[in-house]
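A.B. asks: Before I ask anything, here is the structure I am working with.
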Amino acid sequence: MRTGENISMASSSPMAASDRASYATADSSAGGVLENKYRKADCIRTLKFHGVAPTANEIATLLYVTSKHEPKYLISNTQCYWFAATVFEALERIFFEAKANGTKHSRGKGKWHGIPVPTKESVDEVCNEYLVLRRALDREIEQKRRAEQQQEEERQRDRERRRAAEERARTAEEVAQRERGEKERERAEKERARAAEEREREEKEREREQRLAAEEKIAQLQRQLEASGAVASTSQV
């Protein structure tokens, strides 16, 4: 929709245009609101996209370019009829697989109460300006995408470096644990060996003591026998 402030049918002086457009996805709550708002309006033409349909961003870009191309409202040739027709035909050209379809009200196209309304031919210029701006926007979007991709790749590299560092730390800890375990086993083995040596020494000591005790007993018995023999010899004399 294009309007101008303080419009007068007798005036030919240009004034700042106020351009508005409504966009909604079919079968959505917003689409229902628009249908209800414009239910009394006559649908003159429709545009069906058989290939790639324009995105909301692309439509907004075209609307911006069209409004900027003729920022002044002039009732003689750059009024609402011009704005709607320029945007419609530009969409049909830019998205070449789009197909325009008429309705029973198509005869009213570009007319006000049956009177043809003159409009300025601006479609070629608007299409060219749109393509220039879209290429610039696409470059900007691509640069932003690449920058975000580089940032994400750098974040991924940081994550991989952190994981590698954590893995190295975990591996080092596992190695240290194994070494501590091995040292602990060696210490335990040495302790068991020392304990076994101690038990063997104690056993040998007991055996020695027992042997000495037995030898002492035998010696005592021998002494007793010798003493008994000496007494018997004395008695016989």
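A.B. asks: Do we find a residue being over 30 Å from Thr46 (Cα atoms), among the charged types (D, E, K, R) and open to solvent by 80 Å² or more (accessible area, probe 1.4 Å) anywhere in the stretch 111-123? I'd like the intermediate steps shown before the answer.
C.D. replies: Narrowing the stretch 111-123 to residues over 30 Å from Thr46 (Cα atoms): none.
No, the conditions are met nowhere in the stretch 111-123.
A.B. asks: Filter the stretch 39-80 down to residues that are open to solvent by 60 Å² or more (accessible area, probe 1.4 Å), more than 17 Å from Lys120 (Cα to Cα) and charged (D, E, K, R), then give me how many there are.
C.D. replies: The number of residues fulfilling the criteria is 5.
A.B. asks: Let me ask something else. State yes or no: is Glu148 of a type in the set (Asp, Glu) and not in a helix (DSSP H, G or I)? Quick ask: steps written out before the conclusion?
C.D. replies: On the way: of a type in the set (Asp, Glu): yes; not in a helix (DSSP H, G or I): no.
Judged against the criteria, Glu148 is not a match.
A.B. asks: Right, here's the next one. Residues that are assigned to a loop (DSSP other than H, G, I, E, B) and over 32 Å from the mean Cα position of the chain (by Cα): does the stretch 89-96 have at least one? Full working, then the answer.
C.D. replies: Residues of the stretch 89-96 assigned to a loop (DSSP other than H, G, I, E, B): 95-96.
Next cut, over 32 Å from the mean Cα position of the chain (by Cα) only: 95-96.
Looking through the stretch 89-96, at least one residue is assigned to a loop (DSSP other than H, G, I, E, B) and over 32 Å from the mean Cα position of the chain (by Cα).
A.B. asks: Here is a further query. Can you say whether Arg159 is open to solvent by less than 90 Å² (accessible area, probe 1.4 Å), under 22 Å from the mean Cα position of the chain (by Cα), charged (D, E, K, R) and farther than 23 Å from Phe49 by Cβ, as far as the supplied structure shows? I'd like the intermediate steps shown before the answer.
C.D. replies: Details: open to solvent by less than 90 Å² (accessible area, probe 1.4 Å): yes; under 22 Å from the mean Cα position of the chain (by Cα): yes; charged (D, E, K, R): yes; farther than 23 Å from Phe49 by Cβ: yes.
Answer is yes for this residue.
A.B. asks: Considering only the stretch 124-156, how many residues are of a type outside the set (A, V, I, L, M) and open to solvent by less than 100 Å² (accessible area, probe 1.4 Å)? Walk me through how you get there before you give the answer.
C.D. replies: At the first step, the residues of the stretch 124-156 found to be of a type outside the set (A, V, I, L, M) are 124-125, 127-130, 134-135, 138-140, 142-146, 148-156.
The next check asks that each one be open to solvent by less than 100 Å² (accessible area, probe 1.4 Å); those that pass are 124-125, 127-130, 134, 138, 142, 148-149, 152-154, 156.
Number of matching residues: 15.
A.B. asks: Which members of the stretch 81-109 meet the condition of being open to solvent by 30 Å² or more (accessible area, probe 1.4 Å), of a type outside the set (Phe, Trp, Tyr) and free of Cβ contacts under 8 Å to residues at least 60 places away in the same chain?
C.D. replies: If the condition is that a residue be open to solvent by 30 Å² or more (accessible area, probe 1.4 Å), of a type outside the set (Phe, Trp, Tyr) and free of Cβ contacts under 8 Å to residues at least 60 places away in the same chain, then Glu89, Glu92, Arg93, Ile94, Glu97, Lys99, Ala100, Asn101, Gly102, Lys104, Arg107 are the ones that fit.
The values are calculated or read from the model by the stated rules, or taken from the named source; none is laboratory data. Owing to the predicted nature of the structure, the values given are computational and were not obtained by experimental measurement. Here Cβ is always computed from backbone atoms with ideal geometry, including for glycine, and neighbour counts include all displayed protein chains. These accessible areas exclude ligands, DNA and RNA; they are computed on the full protein's heavy atoms, side chains included. Shrake-Rupley method; radii C 1.70, N 1.55, O 1.52, S 1.80 Å.
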